[in-house]
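Peer 1: My questions will all concern the structure given below.
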Amino acid sequence: MSATRTRHGGPVELPFQVLARQSEKMPPCQARCPNSGDIRSWLGIIAQRGRNGLSLDEAYDKAWRRLVEFNPMPATIGRICPHPCEDLCSRAEKDGAVSINAMERFLGDWGLSRALELPQRATERFPESVAVIGTGPASLSFAYQMARRGYPVTMYDKDQQPGGMLRHAIPDYRLPRTILDAEVERILALDISLHSNVEIGHDESLQALRDEHAMIFLGLGAQAPKYLGIPGEKGPGVIAGIGYLRQHKDLDEIELGAQVLVIGGGNTAIDAARSARRDGARVTLVYRRGESEMPAAQQEIDDARQEGVEFRFLSTPARIIRDRDRVRQVEIQGMRLTEPDADGRRRPEPVPGELEQLPADSVIVAVSQMPGWRAADLGLDSESWLQADDEGKLERGLFTGGDDLGPGIASRAIAQGRRAAESAHAELRGLAPAPRPRTLRITHESVRTDYYADRPRSQTPRRPEEEWLTDPAVEIDLTLSYEQASEEAARCMSCGLCFDCQQCYMYCNPGGFTRVAETRPGHYFVMALDLCEGCGKCIELCPCGYLEARDTAG
Amino acid sequence: MVEGLELLTGKAPKPHKGEAMALEDGSRIAVIGAGPAGSMFSHFFLSMAETVGLSVNVDIFEPRRFCHRGPAGCNHCGGIVSESLVQRLATEGLSLPDCVVQRGIESYTLHTDVGDVEIATPLQEKRIAAIYRGNGPRSSEPVDTQSFDGYLLDLARNRGARVIPRLVTDVRRNEDLMTVHCADQFSDSYELVVVATGINSRLMEMLENETAEFARPARTKTFICEFHLGRDVIRETFGPSMHVFLLDIPRLEFAALIPKGDYVTLCLLGDDIDENLIDTFFSSPEVRDRFPGGVIPGHVCHCYPRINIRAATPVYGDRLVLIGDSGTTRLFKDGIGAAYRTSKAAAKTAVFHGVSAEDFKNYYAPLCRRIDNDNRVGKLVFTFASLVQKSRFARRGILNMAANEQQQVDGPRRMSGVLWDLFSGSASYTDVFLRTLHPAYVGTLLWNLVAANLPRGAGRIGRDAERGDDHVRH
Amino acid sequence: MAGLGKEYKAGEVIFRQGDTGNCMFVIQNGEVEAIAESDGREFRLRRMGPNDFFGEMALFEEETRTATIRTTKPTRILSIDKKNFLGGIHEDPSLAFRIVQTMSHRIRDLTDRLARYEQQQ
Ligand SMILES: Cc1cc2nc3c(=O)[nH]c(=O)nc-3n(C[C@H](O)[C@H](O)[C@H](O)COP(=O)(O)OP(=O)(O)OC[C@H]3O[C@@H](n4cnc5c(N)ncnc54)[C@H](O)[C@@H]3O)c2cc1C
Ligand code: SF4
Ligand code: SF4
Ligand code: SF4
């Protein structure tokens, strides 16, 4: 604190003054969501419906519309997203994160059951035609965002059916086909034409498409499996994870035998292991690090264990041993984790002499994926992954997004498709690139969780365990009920945005807050700065951190 | 017909003949606000109900967290628990625990431009408590202290009251019950609603807007701030004494520095205290001299709480009663003591008589009237005090008389007693006023007026801070 | 510094049997004992701790103290003066409830002891 002189001459230090200000900040969930989903906003519509004159049905409809602004397939993502948003949710340490993913799923199902239509952004129609190569989530997201902005869109896929990895890799017990079909159809219904069984770079050249269309989006994915490169890997009885999952989903006859080893620790490995259980095999999953290092979600690991999948941690296959054409055994090398290196990572290294033979009838290798296309075939200049700028731009008129930029999750692919569409639209219309909203992120300390009543996280309903393996198509997790969803939305603490708790209004001594006539989430009171007496009380009271100190320096 | 809060409004349907509007086993009470009034009501209600074997549920609505530091956890006041309240609480078996008492006060030091005088309790005993309503000033270090309001709320909770951490936004009559509505859309119905929100919240205004016949208490703006000086400096410079200033600053009725643990609380009361007045106050030498090196440090926490200057009318209705600041309180002094008295009277009425407007009129309103009448006398006393503040001549006389009394071991302490009771709020204004009419008081004062204003000062008054002996500062 | 009342060291006498007084005392913390003196001999009547009070008779009647009160450890004690107390009772008689209740316990206790004493004789 600096000493100054008052006009009376005596030294007095500058007093503590905090003038308040209303300022929206980005909540942690949104900051962590790969698609920057405006989670707080759609939850807020439901939680604050009463004060804004909406019935619960109306609120669900409206929340769904807000949700699909960023994500046109919430019923799908609501089932398969590993929901990193929940890890950061401010509520996590109080009484459990808000079930954001389950809410997304609920709203997704709600939208389907009410046959809600995806909201158009414009009534204008533009002449420039847009081609989208691939029909995975990145492509669908791009196509959706362009179609709703008024562009004619044509999609191409080498496969018969749209959906990419969502269709071919994710097992039915996690994502029923009917759900995916319905959400894809709803996107295609926005006047998008689909050309199936066309492989660009093979059946048609990229250049030909570029001549025909004003804008191209590449959503090629990464559909080729990686292998381990160990002796015996090439040959019958060894299959790649995604290859197996695709066959399993297509209900092809697969001869796995009685004992299957699945190699890998990611979601593909778990999906493969659990699918193999559904094909009736005994399954052991072999992973080179420990359980806590597994990239797969903990819930998935627990469920796999529940279904009878066995785990061999700190083990890696060294050699696959066949008897004639049949896999008989896999030689397993014991591993240990090194001391943490400079980055704090512990790497697996072999323990000399620790070798063991495990019996196996087949081996599923699910270690990673890589591009399934060759840049050269497309006339592109790239070694492996595509290299684009932040907006997904490769060059004028050519954008990309999704796994062809490197492996990620569906939510990230949707985000990349959406951002590419925003830039492509700006480019086509000669607009300045839309500025990225740069809201300040709220800090955990400024959300005062003790001001919120305790409300335990709602339990996602699940099918009874006895039924899990009865039919490969049986879904395990179920959707929150109508009432549960409204309860769960009310748990959102609206981090960084006013939710009408009314503390500031009630306690500001000079009555500096006035209620607005037309309220909506985030907009309930206006503050009169000239009345503020600088006590800072409202800032400390505001549970969500929306009110903050005005910078009075200078 | 009984007057009273009809509303919120309208009257409750008349109970059947011969059936009183009274609480029974299983009845429910909502107490809105857990300041001293709300918590003490709940505590005393539940203890009295227990003695008569009545089992009633008490829900206290209070969104504030008294464990928070700074203004958010605080009900804003000077934090003086008066001598009379300390004694009455002790008599009730509620001795304030050490962690609640930031400092025991045993004297008042009066500062004027003509000198200072320290007025001590006759027994040299710490009978006044300096407390924090919340958990201390903003950015204070966590130490083993407890909020006074938090302590009282715990008493109520331990008696069986349920604390509901919700903000009440409306109270309405609904058939024969009262319904309480909260900001988060929660609502519930009760047989009795006790409004104890104080006046530093907007609820009273909201109720007034809804109810034609109800007038909320009139208020004026005061100022409070906290200075961090550290325990040792405070012990040396302030001691266990509350420092009161008699300065000739228009609109300033009462100014005091109250030492607490590591902080000193400044409290300015008067008519619409504003920044100009605060500036004038800070720049007067009597104030600056109180601080080490004559420098007033920056404060760490401040607010402009409102204080009552006129009671609400009416303070009751069927199944509805307003207690503490929400109803009526003492002018400028001992607000917590008034909260104790009104809350207990309301609790007694509800337990032993009933909860109709008629019951509150007969058994609760008389106390409120007594307080209001005394406040009228209080206004007179403050007018007189401000005359003294304006006159250097009178200041000398009063200081002289008090200083002389303080030097005598025995003998009447008329001026000291009057000043003590006036500053500490230990006696009613009526009592203080009557004593100033005592012929002996008047005579001695006259003599002192003359003596103190003789050239070269015949009276030796005031304690010089540097030399520590008594002399007159001219 | 925190804490109310007046501090006493262990073994200090607050008042003596036979003194006159006009206030009651409430123990804030510490402990005292009540002692009856007779023929130069001391009988301990009872010990008292935090929140307990003594000297209450003086509030109701102008009389001499019936026992000596002495601290047994460092103790802080708050005095309640008659003027304040009677003013309070006047407005709110229930203020005396706890005192009356305790006094009646004490009388019962003394009667019991007397009975036992007579039996022993
Ligand atoms: C500057 C100043 C100095 C003072 N100094 C002293 C002093 O030294 N000693 C003294 O004895 N008195 C003092 N007073 C007076 C004293 O502060 C009050 O008389 C006393 O706090 C009244 O208690 P209460 O319980 O009626 O109200 P409050 O203490 O105001 O408590 C009201 C409670 O109700 C809650 N509440 C409010 N609205 C709602 C709502 N809508 N829903 C739910 N809860 C709600 C609040 O959170 C609060 O906890 C001072 C006052 C001022 C302004
Ligand atoms: S409480 Fe709500 S806004 Fe805050 S992180 Fe969780 S979901 Fe997001
Ligand atoms: S509570 Fe009111 S006076 Fe205090 S900082 Fe906030 S707006 Fe300003
Ligand atoms: S205190 Fe409550 S009402 Fe006020 S701005 Fe913060 S969230 Fe909104």
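Peer 1: Among the residues of region B:167-183, write down those that are among the charged types (D, E, K, R) and surrounded by 21 or more Cβ atoms within 10 Å (Cβ to Cβ). Explain how you work it out, then say what you get.
Peer 2: Initially, region B:167-183 is screened for residues among the charged types (D, E, K, R), giving B:170, B:172-173, B:175-176.
Within region B:167-183, B:Arg173 is the sole residue that qualifies.
Peer 1: Among the candidates A:Leu547, A:Leu531, A:Leu497, which residue alone is free of Cβ contacts under 8 Å to residues at least 40 places away in the same chain and of a type outside the set (S, T, N, Q)? Spell out how you get there, then give the answer.
Peer 2: Working: A:Leu547 fails: free of Cβ contacts under 8 Å to residues at least 40 places away in the same chain; A:Leu497 fails: free of Cβ contacts under 8 Å to residues at least 40 places away in the same chain.
Result of the check over A:Leu547, A:Leu531, A:Leu497: A:Leu531.
Peer 1: Name the residues in region A:91-118 that are open to solvent by 30 Å² or more (accessible area, probe 1.4 Å) and assigned to a loop (DSSP other than H, G, I, E, B), would you?
Peer 2: A:Arg114, A:Ala115, A:Glu117 - these are the residues of region A:91-118 that are open to solvent by 30 Å² or more (accessible area, probe 1.4 Å) and assigned to a loop (DSSP other than H, G, I, E, B).
Peer 1: Oh, and also: Name every residue in region B:63-78 that is more than 16 Å from ligand 4 (Cβ to nearest atom) and touching a helix residue (DSSP H, G or I) at 6+ places or on another chain (Cβ under 7 Å), in order of residue number.
Peer 2: B:Phe66, B:Cys67, B:Asn75, B:Cys77
Peer 1: Kindly provide the set of residues from region A:203-258 that are open to solvent by 30 Å² or more (accessible area, probe 1.4 Å), among the charged types (D, E, K, R) and within 32 Å of the chain's Cα centre (by Cα), ordered by number.
Peer 2: A:Arg210, A:Lys226, A:Arg246, A:Asp250, A:Asp252
Peer 1: State all residues of region B:239-290 that are within 11 Å of chain A (Cβ to nearest Cβ), in contact with a helix residue (DSSP H, G or I) (Cβ under 9 Å, 6 or more places away or on another chain) and of a type outside the set (A, V, I, L, M); if no residue qualifies, say none.
Peer 2: B:Phe281, B:Phe282, B:Pro285, B:Arg288 - these are the residues of region B:239-290 that are within 11 Å of chain A (Cβ to nearest Cβ), in contact with a helix residue (DSSP H, G or I) (Cβ under 9 Å, 6 or more places away or on another chain) and of a type outside the set (A, V, I, L, M).
Peer 1: Then there is this: With the requirement that a residue be near ligand 4 (Cβ under 6 Å from one of its atoms) and on the phi > 0 side of the Ramachandran plot, what does region A:500-515 give you?
Peer 2: A:Asp500, A:Gln502
Peer 1: Out of everything in region A:498-510 that is away from ligand 2 (no atom under 16 Å from the Cβ) and closer than 15 Å to A:Gln22 by Cα, what residue ends up being farthest from the other protein chains (Cβ to nearest Cβ)? First the steps, then the outcome.
Peer 2: Taking region A:498-510 first, the residues away from ligand 2 (no atom under 16 Å from the Cβ) are A:502-510.
Remaining after also requiring closer than 15 Å to A:Gln22 by Cα: A:502-505, A:508.
Values: A:Gln502: 4, A:Gln503: 6, A:Cys504: 10, A:Tyr505: 6, A:Cys508: 8 Å.
Within region A:498-510, the match that is farthest from the other protein chains (Cβ to nearest Cβ) is A:Cys504.
Peer 1: With respect to the numbered conditions (1) away from ligand 3 (no atom under 16 Å from the Cβ); (2) at pLDDT below 90, which one is the sole condition not fulfilled by B:Leu152?
Peer 2: All conditions are met except number (2).
Peer 1: Oh, and also: Taking A:Pro456 and the conditions (1) more than 12 Å from ligand 4 (Cβ to nearest atom); (2) within 23 Å of the chain's Cα centre (by Cα); (3) more than 12 Å from chain B (Cβ to nearest Cβ), which numbered condition does it fall short on, given that it satisfies the others?
Peer 2: Result: A:Pro456 fails condition (2) only.
Peer 1: Can you name the number of the only condition in (1) buried (at least 22 other Cβ atoms within 10 Å of the Cβ); (2) without any contact (Cβ under 8 Å) to a residue 24 or more places away in the chain that B:Phe360 fails?
Peer 2: Here B:Phe360 meets the rest and fails (2).
A quick yes/no check of all residues on (1) closer than 25 Å to A:Glu293 by Cα; (2) touching a residue at least 12 places away in the same chain (Cβ under 8 Å):
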residue: A:Pro348; (1), (2): yes, yes
residue: A:Pro359; (1), (2): no, yes
residue: A:Ser368; (1), (2): yes, yes
residue: A:Trp373; (1), (2): no, yes
residue: A:Ala376; (1), (2): no, no
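Peer 1: Kindly indicate which of A:Cys535, A:Cys495, A:Cys544 is within 14 Å of another protein chain (Cβ to nearest Cβ) and open to solvent by 10 Å² or more (accessible area, probe 1.4 Å). Working first, answer last.
Peer 2: On the way: A:Cys495 fails: within 14 Å of another protein chain (Cβ to nearest Cβ); A:Cys544 fails: open to solvent by 10 Å² or more (accessible area, probe 1.4 Å).
Answer to the selection: A:Cys535.
Peer 1: I've got another one for you. Is there any pair with a first residue in region C:98-121 that is closer than 30 Å to B:Phe44 by Cβ and a second that is of a type in the set (S, T, N, Q) whose Cβ atoms are under 8 Å apart and which are 6 or more apart or on different chains, and what are they?
Peer 2: C:Arg98/B:Thr91; C:Ile99/B:Thr91
Peer 1: Continuing with the same structure: Condition first: part of a loop (DSSP other than H, G, I, E, B), open to solvent by 50 Å² or more (accessible area, probe 1.4 Å), farther than 28 Å from A:Ala224 by Cα and not β-branched (Val, Ile, Thr). Can you find one or more residues in region A:332-339 that meet it? Before the answer, list the steps.
Peer 2: Residues of region A:332-339 part of a loop (DSSP other than H, G, I, E, B): A:338-339.
After this cut, where a residue has to be open to solvent by 50 Å² or more (accessible area, probe 1.4 Å) as well, the list is A:339.
Keeping just the survivors that are farther than 28 Å from A:Ala224 by Cα gives A:339.
With not β-branched (Val, Ile, Thr) added as a condition, the list becomes A:339.
Yes, because at least one residue in region A:332-339 is part of a loop (DSSP other than H, G, I, E, B), open to solvent by 50 Å² or more (accessible area, probe 1.4 Å), farther than 28 Å from A:Ala224 by Cα and not β-branched (Val, Ile, Thr).
Peer 1: Could you please find all residues in region B:194-216 being open to solvent by 30 Å² or more (accessible area, probe 1.4 Å) and away from every other protein chain (no Cβ under 14 Å)?
Peer 2: Within region B:194-216, B:Glu210, B:Ala212, B:Glu213, B:Ala215 qualify.
Peer 1: I would also like to ask the following. Given the condition closer than 30 Å to C:Ile89 by Cα, open to solvent by 10 Å² or more (accessible area, probe 1.4 Å) and part of a strand (DSSP E or B), answer yes or no: does some residue in region B:69-89 qualify?
Peer 2: Yes, some residue in region B:69-89 is closer than 30 Å to C:Ile89 by Cα, open to solvent by 10 Å² or more (accessible area, probe 1.4 Å) and part of a strand (DSSP E or B).
Peer 1: Does B:Glu226 satisfy the condition of being touching a Phe, Trp or Tyr at 6+ places or on another chain (Cβ under 7 Å) and within 30 Å of B:Ile80 (Cβ to Cβ)? Walk me through it before giving the result.
Peer 2: Numbers: touching a Phe, Trp or Tyr at 6+ places or on another chain (Cβ under 7 Å): yes; within 30 Å of B:Ile80 (Cβ to Cβ): yes.
Criteria met by B:Glu226.
Peer 1: Also: Taking the stated definitions as given, is C:Arg47 open to solvent by 30 Å² or more (accessible area, probe 1.4 Å), touching a Gly at 6+ places or on another chain (Cβ under 7 Å) and outside any loop (DSSP other than H, G, I, E, B)?
Peer 2: Working: open to solvent by 30 Å² or more (accessible area, probe 1.4 Å): yes; touching a Gly at 6+ places or on another chain (Cβ under 7 Å): no; outside any loop (DSSP other than H, G, I, E, B): yes.
Criteria not met by C:Arg47.
Peer 1: Residue by residue through region C:13-30, note down the ones that are more than 17 Å from C:Arg98 (Cβ to Cβ), within 14 Å of chain B (Cβ to nearest Cβ) and surrounded by 15 or more Cβ atoms within 10 Å (Cβ to Cβ). Write out each step before concluding.
Peer 2: To start, the set of residues in region C:13-30 that are more than 17 Å from C:Arg98 (Cβ to Cβ) comprises C:13-22, C:29-30.
After this cut, where a residue has to be within 14 Å of chain B (Cβ to nearest Cβ) as well, the list is C:14-15, C:21-22, C:29-30.
Selection gives C:Ile14, C:Phe15, C:Gly21, C:Asn29, C:Gly30.
Peer 1: Something else about it: Having 2 or more residues that are of a type in the set (Phe, Trp, Tyr) and within 16 Å of ligand 1 (Cβ to nearest atom) is the bar; report the helices (runs of 4 or more DSSP H) wholly within region A:450-554 that clear it. Outline the logic, then answer.
Peer 2: Numbers: elements: A:482-489, A:503-507, A:537-541.
The qualifying helices (runs of 4 or more DSSP H) are A:503-507.
Peer 1: Taking region A:519-548 as the search range and keeping residues that are acidic (Asp, Glu) and more than 34 Å from the chain's Cα centre (by Cα), which one is farthest from ligand 3 (Cβ to nearest atom)?
Peer 2: Within region A:519-548, the first condition is being acidic (Asp, Glu), and the residues that meet it are A:530, A:533, A:540, A:548.
In the following step, the residues that additionally are more than 34 Å from the chain's Cα centre (by Cα) were identified as A:530, A:533.
Working: A:Asp530: 10, A:Glu533: 4 Å.
Filtering region A:519-548 for residues that are acidic (Asp, Glu) and more than 34 Å from the chain's Cα centre (by Cα), the one farthest from ligand 3 (Cβ to nearest atom) comes out as A:Asp530.
Peer 1: Additional query: Taking region B:309-338 as the search range and keeping residues that are open to solvent by less than 10 Å² (accessible area, probe 1.4 Å) and touching an Asp or Glu at 6+ places or on another chain (Cβ under 7 Å), which one is farthest from ligand 3 (Cβ to nearest atom)?
Peer 2: B:Gly317
Peer 1: If you don't mind, there's one more thing I want to ask. Going by the conditions given, is B:Leu247 part of a strand (DSSP E or B) and closer than 17 Å to B:Gln389 by Cα?
Peer 2: Details: part of a strand (DSSP E or B): no; closer than 17 Å to B:Gln389 by Cα: yes.
No: the conditions fail for B:Leu247.
Peer 1: Anything in region B:222-253 that is open to solvent by 40 Å² or more (accessible area, probe 1.4 Å) and not acidic (Asp, Glu)? List them, or say none.
Peer 2: Here is the first cut: in region B:222-253, the ones open to solvent by 40 Å² or more (accessible area, probe 1.4 Å) are B:228, B:231-233, B:235-237, B:248, B:250-251, B:253.
If the condition is that a residue be open to solvent by 40 Å² or more (accessible area, probe 1.4 Å) and not acidic (Asp, Glu), then B:His228, B:Arg231, B:Val233, B:Arg235, B:Thr237, B:Pro250, B:Arg251 are the ones that fit.
Peer 1: Are any residues in region B:412-439 more than 15 Å from B:Val381 (Cβ to Cβ) and open to solvent by less than 30 Å² (accessible area, probe 1.4 Å), and if so, which ones?
Peer 2: Residue satisfying the conditions is B:Ser416 alone.
Peer 1: So which strands (runs of 3 or more DSSP E) stay within region B:106-168 end to end and still have 1 or more residues that are within 24 Å of the chain's Cα centre (by Cα) and within 12 Å of another protein chain (Cβ to nearest Cβ)? First the steps, then the outcome.
Peer 2: Numbers: elements: B:107-112, B:115-120, B:128-131, B:162-164.
Hits in region B:106-168: B:128-131, B:162-164.
Peer 1: Among the residues of region C:66-92, which ones are among the polar types (S, T, N, Q), within 13 Å of chain B (Cβ to nearest Cβ) and open to solvent by 10 Å² or more (accessible area, probe 1.4 Å)? Let's see the steps before the verdict.
Peer 2: Here is the first cut: in region C:66-92, the ones among the polar types (S, T, N, Q) are C:66, C:68, C:71-72, C:75, C:79, C:84.
Cutting the leftovers down to within 13 Å of chain B (Cβ to nearest Cβ) gives us C:75, C:79, C:84.
The answer is C:Asn84, and nothing else.
Peer 1: Do you know which of the residues in region B:51-62 that are touching a residue at least 24 places away in the same chain (Cβ under 8 Å) and open to solvent by 10 Å² or more (accessible area, probe 1.4 Å) is farthest from ligand 3 (Cβ to nearest atom)?
Peer 2: As a first pass, look at region B:51-62 and keep what is touching a residue at least 24 places away in the same chain (Cβ under 8 Å): B:52, B:54-62.
When the remaining residues are screened for being open to solvent by 10 Å² or more (accessible area, probe 1.4 Å), the result is B:52, B:54-57, B:62.
Details: B:Val52: 43, B:Leu54: 41, B:Ser55: 40, B:Val56: 36, B:Asn57: 33, B:Glu62: 18 Å.
The extreme case among them is B:Val52.
The values are calculated or read from the model by the stated rules, or taken from the named source; none is laboratory data. Since the model is a prediction, treat every value here as computed from it, not as a measurement. Neighbour counts are summed over all protein chains in view; Cβ atoms, including those assigned to glycine, are modelled from backbone coordinates with ideal geometry. For the accessible areas, the whole protein counts, side chains as well, though only heavy atoms, and no ligand, DNA or RNA atoms are used. Shrake-Rupley method; radii C 1.70, N 1.55, O 1.52, S 1.80 Å.
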